[in-house]
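The values are calculated or read from the model by the stated rules, or taken from the named source; none is laboratory data. Keep in mind that this is a model prediction, so the values were computed, not measured. For neighbour counting, all protein chains shown are included, and Cβ atoms are generated from backbone atoms with ideal geometry for every residue, glycine included.
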Amino acid sequence: MVEDVAVVQPEGNLVGGGETDQLELQVRRLQDWNNEKLVIDLSEVSYLNSTAMGILVAAYTNYKKRKAAFALCGIDKRIKNVFAVTKLAMVFDTYTTLKEALKAMGVEEGKEEKKKEKGK
């Protein structure tokens, strides 16, 4: 957590295996706790498939229905292209860096020290 923002950082390929299951579990746990601000940092993700995209869309939908904040950051070029082709680039709030995403969620400059939930 960084102040009141939950940060989840999955790693590797999100293709429906253990890493994807872990991401879904982390997001559901945060939703169950009524978390109001979530950033998913994809900077360590090499590839994602439709299963992972479904998890991101479901998380986005849940947060927006609750009028909570949801953002993605650290998206590499290949994943950006997938978002562009699927038109999801127009849906998600995306930021280049975690620092930018946290700032957009109201975290003050210099308070980016964080404890991230690793997606292992």
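Structure above, values below:
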read-out	value
Sole residue being at pLDDT 95 or above and either touching a helix residue (DSSP H, G or I) at 6+ places or on another chain (Cβ under 8 Å) or within 17 Å of VAL2 (Cα to Cα) (or both), chosen from VAL107, VAL91, VAL57	VAL57
Selection from the range 81-95 of residues that are closer than 12 Å to ILE40 by Cα and of a type in the set (S, T, N, Q)	THR94
Criterion (closer than 17 Å to LEU25 by Cα and either basic (Lys, Arg) or more than 13 Å from the chain's Cα centre (by Cα) (or both)) met by exactly one of THR51, THR86, THR61	THR51
